[in-house]
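Report on the structure given below.
Every read-out reported here was derived from the displayed coordinates using simple, explicitly stated rules and does not represent laboratory data. Source: prediction; values computed, not measured. Neighbour counts run over all protein chains shown; Cβ positions are idealised from the backbone, glycine included.
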Amino acid sequence: MDHFILNNGVELPKVGLGVYKFKPEHEDALIWALQNGYRHIDTASFYHNEELIGRAIRKSGVNRADIFLTTKVWSSDLGKRTRQAFETSLRKLQTDYIDLYLIHWPATHYLESWLTLEKLHREGKIRAIGVANFERKHLEDVLTNGTIVPAVNQIQTNPYYQQEEIHAYMQKQGIQHVAWGPFGQGNKQMFSDPVLTEIAQGHGRTTAQVMLRWSLQRDIAVIPKSVNPERLKQNLEVFNFELSREEMNLISTLERNQKGFNDPSNKFMLWMTRFIR
Ligand code: NAD
């Protein structure tokens, strides 16, 4: 099965394409990805490339209905501006609905925005609503004060930052875990980690494929980013091999709690997101 089923029955492709830092010169890579099997695109208003994504989808010739499109509302648009931000994303993406709309960070007014997302969902404009970078306390707040359980929480997750505790909590609540930065945002040390390298060699795979496979076997969806067709292809070929229980256990020992600067527990970073665009 190449998709997870979200708590409202919507199907989320297990592997998607993260497009942070995709620029107009990467249009061909995007079209290539769509024409070669990618069915989930993860963008955000903050990436300033929604127009590019809309254009590439059109040019790819793939039906909009066959593509799962995720975008996010940025911190400076939380509160009263959320509905307008959503309409702007729709226009830029050249579509009349979004498959998954996320609150990008739990910055000030996220709860007010959550209630707007619930309304947009009820109006049929969003198939599933969720959040990103939410810690347990933020999820609890939404569960207490909202009426819809978030379908997804998209958080930084990789073998050096495994998110075991919140993963277990989300599973219990029926919130699908999606890993951003599944390669530690191109962490060279992780790509050449001796444990991952040995496991990869045993399967005739790359360490990148092992990292993605490890996530999938934990029931975590992934959205790796690449603009290189060879790597794009590799990152999608993670369904025809399986890591053993021993290999999964071995990878779990690699935890280093190695989070980047952009972590929600970094209060300064969280505060700052409201002022950068
Ligand atoms: P990533 O972990 O996907 O790493 C991407 C980098 O890994 C590439 O730039 C490339 O250098 C390398 N790479 C990719 N495939 C490879 C392969 N097969 N072999 C070797 N190297 C390879 O980092 P990311 O882009 O930060 O995260 C993925 C996506 O997650 C983003 O594009 C974005 O869509 C999303 N994201 C979301 C948030 C959020 O706050 N919600 C934050 C960051 C990223």
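Below are the figures for this structure:
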item: Residue count for segment 79-117, restricted to those that are buried (at least 16 other Cβ atoms within 10 Å of the Cβ) and of a type in the set (Asp, Glu); result: 1
item: Members of segment 226-253 that are within 11 Å of the ligand (Cβ to nearest atom) and either within 13 Å of Leu212 (Cβ to Cβ) or of a type in the set (Phe, Trp, Tyr) (or both); result: Ser226, Arg231, Leu232, Lys233, Gln234, Asn235, Leu236, Glu237, Val238
item: Scope segment 44-78; condition in contact with a Ser or Thr (Cβ under 9 Å, 6 or more places away or on another chain), part of a helix (DSSP H, G or I) and more than 18 Å from Phe22 (Cα to Cα); matching residues; result: Arg64, Ser75, Ser76, Asp77
item: Selection count where residues are more than 15 Å from the ligand (Cβ to nearest atom) and either surrounded by fewer than 18 Cβ atoms within 10 Å (Cβ to Cβ) or of a type in the set (D, E, K, R) (or both), scope segment 163-200; result: 11
item: Residue tally, condition within 20 Å of the chain's Cα centre (by Cα), of a type in the set (S, T, N, Q) and assigned to a loop (DSSP other than H, G, I, E, B), over segment 104-158; result: 2
item: Number of the condition not met by Val152 [criteria: (1) farther than 15 Å from Leu6 by Cα; (2) buried (at least 23 other Cβ atoms within 10 Å of the Cβ)]; result: (1)
item: Trp74 in contact with a helix residue (DSSP H, G or I) (Cβ under 7 Å, 6 or more places away or on another chain) and within 12 Å of the ligand (Cβ to nearest atom); result: yes
